[in-house]
1. I'd like to check which strands (runs of 3 or more DSSP E) are fully inside the range 335-431 and have at least 1 residues that are in contact (Cβ under 8 Å) with a residue 60 or more places away in the chain.
2. Before we move on, is residue 436 open to solvent by 70 Å² or more (accessible area, probe 1.4 Å) and either in the same structural domain as residue 242 (by TED's automatic domain parsing) or at pLDDT 95 or above (or both)?
3. Can you find a residue in the range 190-199 that is touching a helix residue (DSSP H, G or I) at 6+ places or on another chain (Cβ under 7 Å) and within 14 Å of ligand 1 (Cβ to nearest atom)?
4. Would you call residue 372 more than 16 Å from ligand 2 (Cβ to nearest atom) and loosely packed, with under 14 Cβ neighbours inside 10 Å?
5. Determine if the range 194-217 includes at least one residue that is over 30 Å from residue 322 (Cα atoms), modelled with pLDDT of 95 or more and within 16 Å of ligand 2 (Cβ to nearest atom).
6. (1) within 16 Å of ligand 3 (Cβ to nearest atom); (2) assigned to a strand (DSSP E or B); (3) among the hydrophobic types (A, V, I, L, M, F, W, C): which one isn't true of residue 212, the others all being true?
7. Return the total of residues in the range 241-288 being closer than 24 Å to residue 181 by Cβ and within 16 Å of ligand 1 (Cβ to nearest atom).
8. Filtering the range 197-209 down to residues that are closer than 30 Å to residue 147 by Cα and open to solvent by less than 60 Å² (accessible area, probe 1.4 Å), which residue is farthest from ligand 3 (Cβ to nearest atom)?
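The values are calculated or read from the model by the stated rules, or taken from the named source; none is laboratory data. Computed from a predicted structure; not experimentally measured. Quick reminder, even Gly has a Cβ in these numbers, built from the backbone with ideal geometry, and neighbours come from all protein chains shown. For the accessible areas, the whole protein counts, side chains as well, though only heavy atoms, and no ligand, DNA or RNA atoms are used. Shrake-Rupley method; radii C 1.70, N 1.55, O 1.52, S 1.80 Å.
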Amino acid sequence: MAREIQEMELPLQPESGDKSYLTITFGCQANEFDTEVLAGMLESLGYRPAASPEEADIIVVNTCAVRRKPEEKVAALLGRLKSLKEKKESLIIAVGGCMIQQPDVAAELARRFRHVNLFFGTHALPRFPQLLQQAQVNRRPLIDIEENGDCREGLPMRRSSSFRAWVPVIYGCNNFCSYCIVPYVRGRERSRPFDEIVREVRSLAEKGYLEVTLLGQNVNSYGHDLDEGRDFADLLEALDRIDGLSRIRFLTSHPKDLSPRLIKAMRSGSKICEHLHLPAQAGSNRILQLMNRRYTRERYLELVERLREAIPGIALTTDLMVGFPGETEEDFQQTLALVEEARFDQAFTFIYSPRRGTRAAEMKKEEIPADEKRERLRRLARLQNEISLQINRTLVGKRVELLVEGKSKNNPAMQSGRTRTNKLVHFAAEEDLTGKLVEVEITAAYTWYLAGKLLEPAKAPA
Ligand code: SAH
Ligand code: SF4
Ligand code: F3S
């Protein structure tokens, strides 16, 4: 039983009143993008963004299931939303995304949180407007986790920025890394049509967008499921020719599929940023094999070398995990050694978290004590932080281009922007330069960010 929908056709009519919505997003960029679609749908139904949770007539929570922590945060949030619902009976609460797409989770949550009106999985996203209208008249919570409705072209969207945009190129994942829930909750790989993507990016550039980030769990497998004979490198080359656009980024690349053609496209494309996020996960071949990553540490390090040769100044970032089932101190030492050798600009480090239904969750293991896992994470972070700081220090005195994102989060007197290598730089400026390309000189380096001095206020886009 996946679906609990009444067979009833409801006309989709915009709300006539002054109704408002609030979205809350957990998880990765794919989810941030999905929330932009949900917001677009709500706005085409006549809702406007709410100023506060108390004001909202609809609250949509977009969930993540990649580790236990984001799931716990969702549960805590749903608990807190109960009091809002008690104060305002007409409030509609809808919970969607990866956590909901897992078998039985929505039913469990529906029992636990009776104030939620609608649970919808990742595949139900295109059906959200209909589901919402049904949920409004239903007494019982509505659950839709059916795996269909894959066509996502032409959906409304409310982009959260006017100068940088997410552009999905491939949905789903076929890799089944043994620890990972994503292939189960996002389905098989589906590439978007090449021409659709080019058209979308061209239209973004015409609207004044300067940066696009192409999204996919593994962008390198883009196109394999299309009969077009064109792959991700071809796509990058086509997008690089679009006038008005300044920066092209993409996430995430799987090392096993990083082709020489892609490296070449990165080298020759003037808009393709000198940054690559290339998750390594671990440094021990034994663990990599158990993770079903399908590369060795040697192969990974060879890729790093090739990238550095081909694209001078490229910044490399990665994801690393500690405490995978059966990881020994020796295995962990190999991860540390990989970090020393690869010299990443930054690494996102995680403690392995068993996910229901994945192969790793079933693996026999001598349980690594929780303290030991935390200690490994600390040792890893300490090493990486030193390296990040060393690399950042080499940038002091250099001139770099920034795309300004807005006021600095911690100091509103400062503004922040990103270099092409995706480093965060804070600087002072009189006028608001949000959404502009500027030139700064780096004046100081820290582990997580840089400080800069504005040289040239606003540069015309390339
Ligand atoms: N498709 C991307 C991102 C997947 S999720 C990729 O292949 O890299 C982002 C990161 O979360 C992963 O790179 C991994 O480091 C981490 N992650 C995934 N599953 C996890 C789990 N069960 N426990 C801990 N970390 C996990
Ligand atoms: Fe998960 Fe691996 Fe797919 Fe990334 S490539 S989403 S880690 S299964
Ligand atoms: Fe989380 Fe789903 Fe992204 S599980 S990391 S929101 S694909």
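1. Strands (runs of 3 or more DSSP E) meeting the threshold: 346-351, 399-407.
2. In short, yes.
3. No, the range 190-199 contains no residue that is touching a helix residue (DSSP H, G or I) at 6+ places or on another chain (Cβ under 7 Å) and within 14 Å of ligand 1 (Cβ to nearest atom).
4. Taking the combined requirement at face value, the residue does not satisfy it.
5. no
6. Exception for residue 212: condition (1).
7. So the answer is 19.
8. The residue in question is 198.
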